[in-house]
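Here's the structure, in structure tokens; my notes come after.
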Amino acid sequence: MVIIGGGHNGLVCAAYLARAGAQVTLLERRALLGGACVTEELWPGYRVSRAAYVLSLLRPRIARELELERFGLQLLPRAPSSFTPLPDGRSLVLGPDRAANVAEIKRFSPRDARAFPAYEALLERIAIALEPTLDAPPPEPWPRHPQDFLAWWLALRAGARLGRDLPRAARLLLGPARSLLEEWFDSEPLRTTLARDAVIGAFAAPSTPGTGYVLFHHVMGSISGHRGIWAYVRGGMGALSEALAAAARAAGVSLRTNAEVDRIRTGQDRAIGVALAGGEEIDAGVVVSAVDPARTFAALDNPGLLPDEFRRALDGLDFRSPVVKLNLALRELPRFRVHDRPEPPLGGTIHLGPQNLDQIEHAFDDAQNGKVSSRPLVELTLPSVIDPTLAPAGRHVASIFAQYAPVLPSDNAAWPRLREQMRDRVLAIVDEVAPGFSDSIEALEVLAAPELEDVFGLTGGNIFHGAMTPDRLLFLRPLPGWSRYRTPVRGLYLCGSGTHPGGGVMGAPGRNAALAIARDLPRLLRGS
């Protein structure tokens, strides 16, 4: 059995399949494992989480079942987790302490302070009801096998658990985040802080239907039992991939780097192996792809095995990405100009840029019109504040996740200019509330969509392996009729973020796919 791609889902899938008794070889085209979940020393002494940079969504049962702590995984919870400095010197800080959150919000709106615990309680109830559905394939509209009824049972149980909350849950999961947040809250600092989770990584505005689910997706995880809290990984995000790789090796997986798959080989109606870029051919009765659906099916040596309807639907997948990632080496920490607290908290995510929902909408409109946002959304993190192993003594590393950049082909001649515009506007926004920040930068890397595609293999630079809109979730992800990790090519499976339950460093697609493949193995070995 061969797995294409050494990202976190590929590693999870490999470990579970090997533990089920399969002989597994995993092939990664880069020199290091992890896909977009890696730590790289971009400059001497500075170790950077180059793409993914915080962790919350990793399924607890994966960490437990693969014994990731035994293999070195250490999480560093962030409390407080959110800091929003405002141009007028005020700031909003949120974290796991609900009483502290209420006191913070009360300074901006007493009504919002009263509403916030009920809002969080609603999200908590929805998350508790829906979480079991993440750890199983999605329900099919028409169950065909006895095991298919498990997914339906989980879905029906989730609906029963929601009870009277079901209508509100449906509105949250299907509707726009903006109307939801405007209904719950009055103060713009709170609205815009929460709205960022609804659009991060998505080519969408808060008023776009489906952004309510993206918001929920980002608050669904937990760290140490606290819902919606994000953590750093000690040693950077690559340390998670190293722990997964160690678990896979312990299970007997053969891990190969610098092994780029050029073609998925087929014979008659099934996958029979892969061919590497250097010409080596590897035979395999099962081929599992952890890369996105577009790249997977583009690698088929016989596209004619795909039904016409499937190919048309594949062409319609949305891989647009508004994201630009900046990685920075800093001479010193930023000095935020706030007057409502003696020491600004720097260990969590620092939200900068638009100060109201209309400004977020305008930022998206700019990108829709082919321009860099005049005032981008900026998410700044300083992981070395909590994990000093990432930088030389007295120095720091920073990650900036920013949007919106326009959607253009990766070879468009405008990219160098647009990348520089995005960089300059992002740094100017940080300088507004932390004067001198730009002067503290010793080194900087800018990754726009072309680099995210070229370096990490993300089609269009899309961090989710495809949009997470309501028409691309559950039994519709990645395509209607093909949501349970199988493909029209017998023996070829998908296990990446383009499958249920979607993107983020979650691992659920890899685990769910492994369980589905393990069930199919006896039939595949019989050749039926």
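The values are calculated or read from the model by the stated rules, or taken from the named source; none is laboratory data. It should be emphasised that the depicted structure is a prediction, and the values quoted were computed from it without experimental measurement. Quick reminder, even Gly has a Cβ in these numbers, built from the backbone with ideal geometry, and neighbours come from all protein chains shown. Note: accessible area is taken over every heavy atom of the protein model, side chains too, but ligands, DNA and RNA are not part of it. Shrake-Rupley method; radii C 1.70, N 1.55, O 1.52, S 1.80 Å.
Okay, here's what the table says:
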| read-out | value |
| --- | --- |
| Residue that is modelled with the lowest pLDDT [pool: residues in segment 471-501 that are in contact with a His (Cβ under 7 Å, 6 or more places away or on another chain) and either within 25 Å of G267 (Cβ to Cβ) or of a type outside the set (A, V, I, L, M, F, W, C) (or both)] | S483 |
| Residue, nearest to A155 (Cα to Cα), within segment 458-504, restricted to residues that are part of a loop (DSSP other than H, G, I, E, B) and among the β-branched types (V, I, T) | T499 |
| Qualifying residue in segment 433-456 (condition: in a loop (DSSP other than H, G, I, E, B), open to solvent by 20 Å² or more (accessible area, probe 1.4 Å) and on the phi < 0 side of the Ramachandran plot) | yes |
| Meets criteria (touching a residue at least 24 places away in the same chain (Cβ under 8 Å) and touching an Asp or Glu at 6+ places or on another chain (Cβ under 8 Å)) for V505 | no |
| One residue from V288, V323 being closer than 30 Å to P392 by Cα, buried (at least 17 other Cβ atoms within 10 Å of the Cβ) and within 22 Å of the chain's Cα centre (by Cα) | V323 |
| Residue identified as surrounded by fewer than 24 Cβ atoms within 10 Å (Cβ to Cβ), touching a strand residue (DSSP E or B) at 6+ places or on another chain (Cβ under 6 Å) and closer than 21 Å to Y232 by Cα among Y46, Y53 | Y46 |
| Verdict on R486 being over 23 Å from A63 (Cβ atoms), without any contact (Cβ under 8 Å) to a residue 60 or more places away in the chain and under 23 Å from the mean Cα position of the chain (by Cα) | yes |
| Qualifying residue in segment 266-278 (condition: in contact (Cβ under 8 Å) with a residue 60 or more places away in the chain, open to solvent by 10 Å² or more (accessible area, probe 1.4 Å), of a type outside the set (A, V, I, L, M, F, W, C) and within 26 Å of R19 (Cα to Cα)) | yes |
| Considering residues of segment 473-499 that are open to solvent by less than 20 Å² (accessible area, probe 1.4 Å) and among the charged types (D, E, K, R) only, the residue nearest to M1 (Cα to Cα) | R484 |
| Given (1) small (G, A, S); (2) assigned to a loop (DSSP other than H, G, I, E, B); (3) under 30 Å from D520 (Cβ atoms), number of the condition A63 does not satisfy | (2) |
| Residue count, segment 3-60 (criterion: in a helix (DSSP H, G or I) and at pLDDT 95 or above) | 12 |
| Residue count, segment 151-203 (criterion: in contact (Cβ under 8 Å) with a residue 40 or more places away in the chain and either more than 26 Å from the chain's Cα centre (by Cα) or not in a loop (DSSP other than H, G, I, E, B) (or both)) | 23 |
| Matching option when the condition is surrounded by fewer than 22 Cβ atoms within 10 Å (Cβ to Cβ) and out of contact with any Leu (no Cβ under 9 Å at 6 or more places or on another chain), among R59, R78, R19, R30 | R30 |
| Helices (runs of 4 or more DSSP H) (entirely within segment 233-321) containing at least 3 residues that are closer than 30 Å to E69 by Cβ | 238-251 |
| Condition broken by L418, with the remaining ones in (1) in a helix (DSSP H, G or I); (2) farther than 26 Å from P85 by Cβ; (3) of a type in the set (A, V, I, L, M, F, W, C); (4) touching a helix residue (DSSP H, G or I) at 6+ places or on another chain (Cβ under 7 Å) satisfied | (4) |
| Residues of segment 505-523 satisfying the condition of being part of a helix (DSSP H, G or I), over 16 Å from V489 (Cβ atoms) and open to solvent by 10 Å² or more (accessible area, probe 1.4 Å) | R511, L515, A518, R519, L521, P522 |
| Failed criterion for L86 (all others in (1) under 23 Å from P501 (Cβ atoms); (2) more than 26 Å from the chain's Cα centre (by Cα) hold) | (1) |
| Residue match in segment 204-226 (condition: part of a strand (DSSP E or B) and not aliphatic (A, V, I, L, M)) | yes |
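Condition check ((1) closer than 26 Å to R523 by Cβ; (2) touching a strand residue (DSSP E or B) at 6+ places or on another chain (Cβ under 9 Å); (3) not basic (K, R)) across all residues:
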{"position": "P293", "(1), (2), (3)": "yes, yes, yes"}
{"position": "G304", "(1), (2), (3)": "yes, no, yes"}
{"position": "L314", "(1), (2), (3)": "yes, no, yes"}
{"position": "R320", "(1), (2), (3)": "no, no, no"}
{"position": "L333", "(1), (2), (3)": "no, yes, yes"}
{"position": "D340", "(1), (2), (3)": "no, yes, yes"}
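Here's the yes/no breakdown for (1) modelled with pLDDT of 90 or more; (2) touching a strand residue (DSSP E or B) at 6+ places or on another chain (Cβ under 6 Å); (3) closer than 24 Å to L55 by Cβ; (4) surrounded by fewer than 14 Cβ atoms within 10 Å (Cβ to Cβ):
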position	(1), (2), (3), (4)
F71	yes, no, yes, no
S109	yes, no, no, no
A113	yes, no, no, no
P141	no, no, no, yes
